[in-house]
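I have placed the structure first, in the form of structure tokens, so that the comments after it can refer back to it.
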Amino acid sequence: GIQVEQSPPDLILQEGANSTLRCNFSDSVNNLQWFHQNPWGQLINLFYIPSGTKQNGRLSATTVATERYSLLYISSSQTTDSGVYFCAVKETSGSRLTFGEGTQLTVNP
Amino acid sequence: ETGVTQSPTHLIKTRGQQVTLRCSSQSGHNTVSWYQQALGQGPQFIFQYYREEENGRGNFPPRFSGLQFPNYSSELNVNALELDDSALYLCASSTDPRNTIYFGEGSWLTVV
């Protein structure tokens with residue numbers, strides 16, 4: 001099956017700093033989503049981005065499907081950005097979302 | 001607000017028992033999937049239903065079973081619970097398997 005690798009596994013920032021999270025995947029996909037999981041377990045959909053670039057406030061994401069990677073940018077980080085960020089992909093021929101292991105982000109005041 | 005609601009939010013069961021978890025999706029969401037997330041790991045795909053038929057299954061034993069109903073609700077049933085079944089169970093839905101997938105808040109299951 002498809003492999004999904006996220007980096008870095010852990011990231012600690014001071015409030016106001018910028019960061020870039022990376023997701024590499026091993027095969028063609030027709031669905032790629034970035035999620036933020038809050039401390040209560042809720043997976044909050046950030047972006048549906050199988051290709052191209054999108055922006056939503058302080059967050060933006062870029063997926064280069066031909067090179068099989070996606071980047072999530074967080075600018076001017078806030079303490080409420082803390083949590084685990086997951087990249088999940090779905091193969092062109094499959095029905096499941098395959099998740100990476102996540103990036104644990106901690107933003108300190 | 002994702003429009004996906006799950007119940008119960010927390011429950012404790014004894015090894016060997018059976019459990020039913022429920023999920024209600026938005027109108028028009030024909031596709032529902034269930035995922036298991038153990039502590040410190042990413043969610044793992046259990047199975048998917050599309051228009052009330054199972055159309056994909058992950059590496060889970062047959063004691064994990066499901067149903068999808070015409071009113072966009074679904075169930076996950078787990079028989080003969082084992083300690084390793086302790087996890088967060090997430091329901092996800094979408095209008096089509098290729099579209100944005102939305103997750104519910106999950107059901108935390110503890111097996112003792």
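The values are calculated or read from the model by the stated rules, or taken from the named source; none is laboratory data. What you are looking at is a predicted structure, and each value in this text was computed from that prediction instead of being measured. All Cβ positions, even for glycine, are placed from backbone atoms using ideal geometry, and neighbour counts span all protein chains on display.
Could you list, in sequence order, the residues of the range A:59-80 that are assigned to a strand (DSSP E or B) and either touching a helix residue (DSSP H, G or I) at 6+ places or on another chain (Cβ under 8 Å) or not hydrophobic (A, V, I, L, M, F, W, C) (or both)?
A:SER60, A:THR62, A:THR63, A:TYR69, A:SER70, A:TYR73, A:ILE74
Out of the residues in the range A:39-80 that are without any contact (Cβ under 8 Å) to a residue 40 or more places away in the chain and of a type in the set (D, E, K, R), state the one that is nearest to the other protein chains (Cβ to nearest Cβ).
Per the criteria, the residue is A:LYS54.
From (1) under 12 Å from the mean Cα position of the chain (by Cα); (2) modelled with pLDDT under 95; (3) buried (at least 20 other Cβ atoms within 10 Å of the Cβ); (4) not basic (Lys, Arg), pick out the condition that doesn't hold for A:ASN45.
All conditions are met except number (3).
Can you confirm whether A:GLU5 is within 14 Å of chain B (Cβ to nearest Cβ), under 15 Å from the mean Cα position of the chain (by Cα) and not in a strand (DSSP E or B)?
Spelling it out, it is not the case that A:GLU5 is within 14 Å of chain B (Cβ to nearest Cβ), under 15 Å from the mean Cα position of the chain (by Cα) and not in a strand (DSSP E or B).
Would you mind stating whether A:LEU21 is more than 27 Å from B:GLU54 (Cβ to Cβ), touching a residue at least 60 places away in the same chain (Cβ under 8 Å) and either crowded, with 22+ Cβ neighbours inside 10 Å or of a type in the set (Asp, Glu) (or both)?
yes
When you scan the range A:30-42, do you find a residue that is surrounded by fewer than 18 Cβ atoms within 10 Å (Cβ to Cβ) and within 13 Å of the chain's Cα centre (by Cα), even just one?
Scanning the range A:30-42 turns up no residue that is surrounded by fewer than 18 Cβ atoms within 10 Å (Cβ to Cβ) and within 13 Å of the chain's Cα centre (by Cα).
Here is a yes/no grid of residues against (1) part of a strand (DSSP E or B); (2) within 14 Å of chain B (Cβ to nearest Cβ); (3) under 15 Å from the mean Cα position of the chain (by Cα); (4) touching a residue at least 40 places away in the same chain (Cβ under 8 Å):
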site: A:PHE86; (1), (2), (3), (4): yes, yes, yes, yes
site: A:VAL89; (1), (2), (3), (4): yes, yes, yes, yes
site: A:SER93; (1), (2), (3), (4): no, yes, no, no
site: A:GLU101; (1), (2), (3), (4): no, yes, yes, yes
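Can you tell me which residue in the range B:80-112 is farthest from the other protein chains (Cβ to nearest Cβ), limited to those that are part of a loop (DSSP other than H, G, I, E, B) and over 22 Å from A:PHE47 (Cα atoms)?
B:ALA80
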